[in-house]
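Please treat every number below as a calculation from the coordinates, not as lab data. Being a predicted model, the structure only gives us computed values, none of them experimental. Neighbour counts run over all protein chains shown; Cβ positions are idealised from the backbone, glycine included.
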Amino acid sequence: MNKIIKGALFAAAVCIPGSALAQSWDMPTPYSDKVFHTANIIEFAEEVAASTDGAMNITVHSAGSLFKHPDIKNAVRSQQVPIGEFFLSRLSNEDAAYGIDSQPFVATSYEDAEKLWAAQRPVVTELLAKQGLMPLFAVPWPPQGLYTANEVNSVSDLGGLKFRAYNAALEKFAALAGAAPTQVESPDIPQAFATGQVEAMITSPSTGVSSQAWDFVETYTPINAWVPKNIVVVNKAAFDSLDASVQEAILNAAANAEQRGWEMSRAETDSKTATLAENGMNVVEPSAELMEGLKAIGAQMQVDWDASASEDAKGIVSTYNQ
Ligand code: PCA
């Protein structure tokens, strides 16, 4: 009897590090496993598990499999899940500050995007804190380019095209160019083209490759119009309930993921554009006329953004322009 009790106690004791104290977090993300953002997040989760000796295990549920993209932020806010990833500028309807990275021709290079994020981060952090959320890291997509069946020489060539959009800013940009925008999540792009729901889009070379754009369009024009970001946020109450050492491990892994993600993104710009060409797409430099027309639309959108922005949001742009 005594022996059995001792045995049971011993078993419980050895279980403690592995199970009794171990935390498991589910993490919904919107994009597929083929996308570098997802690979980066999986590495983040692995680093957290390794550096906490298995005390914190984050399971990544990619491609909108646990929560659909539009629901991820509120799922984290309401503690249905403690952590998640989403496209930051999707929140622009809540505050213009979230959308500045998707405004056409504000920040079009990685250098500018870094400067913009440095200015945007404190404002976004404060806004998210009001909802009990805390940003962990943000990673940009490569600069956004134009996918069409035919060569586009001026804005008028976009007139009437059924255009895939992924947020309000792109919807507006496409509409102002005379196209007909429709919201489609990235995992649904091939289906949307195949069924004729859309016939053109603006997105990164990364998403062009992961959706195999060569199956449905022939031309890629790198207009490099903006450099939008994904953000990973955590529920602050869930984070605060963790041991200090686990919190530190998460923050360290997040800082590493941010740095690694920006490097991955930079590397993808050229490598994925090359993949588009290898698969038969014409990669065409934009004409001066096209760029002029698109920039005029961007300038109009920036006037509207300004009119809808809070003082704090406008402060992002003045800090960025300094
Ligand atoms: N890919 C995502 C967002 C921006 C990008 O490059 C998409 O197309 O949905």
Original post:
What Kirkwood hydrodynamic radius do you get for the chain when you take the inverse of the mean 1/r over all pairs of distinct Cα atoms, in Å?
Top reply: 20.9
**OP:** Please find the FRET efficiency linking D240 to A274, where r is the Cβ-Cβ separation and R0 is fixed at 51 Å, and quote it to the nearest 0.05.
**Re:** 0.65
Original post:
In the chain, what % of DSSP beta bridges are antiparallel (nearest 5)?
Top reply: 55
Original post:
Between the helical axis of 244-278 and the dominant principal axis of the chain, each derived from Cα atoms, what acute angle in degrees is found, rounded to the nearest 10?
Top reply: 30
Original post:
Separation of the range 286-322 and the range 87-102 by C-alpha centroid, Å?
Top reply: 14
Original post:
In nm, what is the difference between 0.36 nm times the number of residues separating T125 and N150 and their Cα-Cα distance?
Top reply: 4.8 nm
**OP:** Sticking with the crude label model, points 7 Å out along Cα→Cβ, report the distance from S310 to S78 in nm, one decimal please.
**Re:** 2.3
**OP:** Sort S65, S32 so the one with the fewest other Cβ atoms within 10 Å of its own Cβ comes first.
**Re:** S65, S32
Subject >> Set of aspartates and glutamates near K236 by C-alpha distance (under 17 Å), chain-local residues within fewer than 8 positions excluded >> reply: D26, E85, E126, E248
Subject >> Ranked H69, H37, criterion: other C-beta atoms within 10 Å, fewest first >> reply: H69, H37
Subject >> Residue among I231, S308, L66 farthest towards the positive dipole end of the chain, charges placed on Cβ >> reply: L66
Original post:
Is the shape of the range 23-153 rounded, prolate or oblate, going by the alpha carbon gyration tensor and its root eigenvalues a ≥ b ≥ c, with a/c under 1.5 for rounded and a/b larger than b/c for prolate?
Top reply: prolate
Subject >> Dipole-positive endmost among S245, Q212, P222 within the range 199-288 (Cβ charges, Cα centre) >> reply: S245
**OP:** Sum -39500 (n - 2.57) across every DSSP H segment of at least 4 residues in the chain, then divide by the residue count to get the 222 nm mean residue ellipticity, nearest 500.
**Re:** -15000 deg cm²/dmol
Subject >> For the range 133-181, the spread of Cα positions along each principal axis, largest first, Å >> reply: 42, 19, 14
Subject >> Cα convex hull volume per residue for the range 189-322 (Å³) >> reply: 198
**OP:** Could you work out how far helix 36-51 tilts from the main Cα principal axis of the chain, as a 0 to 90 degree angle to the nearest 10?
**Re:** 20
Subject >> C-alpha long axis of helix 110-129 to longest principal axis of the chain, angle in ° >> reply: 50
